[in-house]
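Have a look at the structure below, then the notes.
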Amino acid sequence: MTRILAAALSSALLLASASAETLKDTLPHISVTGEASEEALPDRAILHLDIVADRLTATEAVTENERKTRSLSDGLVRQGVPIDDIRVVGVTLQSVATEEAAPRGAHGKHVSRGFRARSELSVTVNSLDEAASLLSRAIDAGSNDLRGVEFVVSDERTRLERLRIAAVKDAEQRARNYVEAVGAKLGRIIEIDHQEAVSATEANGRTEPLASASGVAFLRLRPGVRRLTARVSATWALSR
């Protein structure tokens, strides 16, 4: 049944596209792009953390990495992070080797130093202040590396939906201004397409090291403002 519905939807989209192209070939028309945008300050964060374990054997490296990952996850849960917001998004295991010095003109010899197991965690936090505290605690609890902090606008989808409607109205007003200047009128709408863009005025935001009253160091996260933009391309038939 799912395949039948998917095939039917695909056919409907193809027919709609073909119909729009046919109408544009046979009717006078105008195509206009409308746009609407606004700035939004992120209010959530996704922490990208790495946990690394180096051991002499592959089994020992994997075992230690699993232990550290589980310990860090349990610690985050105890601090109030829902377990569903903590995800292991990648796991790697690789040999670690160094190259011994060799006489001039000779090739150095690679010497195995053991194995390195790495887990990549993604932790979603619903408050920037909470994210800063959790980030510092995660590093203290065993996270070896911070790959980055991704800042998120929690209601971004709702905002983009609203902007899309505003972009349609902008396109319609532009089209109406153009056709009325030549004594025509807008007829039926033939085709409409949309796209969204999200950019940050400060791409990575900033972090500032601070110290709490207890002497525990933590980071203050200062994300850059994000600009949300919706663009709509619409085509109307012309009428007299």
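For first residues located in segment 111-131 and over 17 Å from Ser73 (Cα atoms), partners that are basic (Lys, Arg) and lie 6+ apart or on another chain with Cβ distances below 7 Å form the pairs Gly114/Arg55; Phe115/Arg55. The single residue among Arg164, Arg176 that is touching a residue at least 24 places away in the same chain (Cβ under 8 Å) and either assigned to a strand (DSSP E or B) or of a type in the set (Lys, Arg) (or both) turns out to be Arg164. Scanning segment 156-187 for residues that are of a type in the set (Val, Ile, Thr) and under 21 Å from Ala230 (Cβ atoms) yields Thr158, Ile165, Val168.
FYI, it's all coordinate maths here, none of it is from the lab. Computed from a predicted structure; not experimentally measured. Note that we place each Cβ from the backbone using ideal geometry, even for glycine, and neighbour counts take in every protein chain shown.
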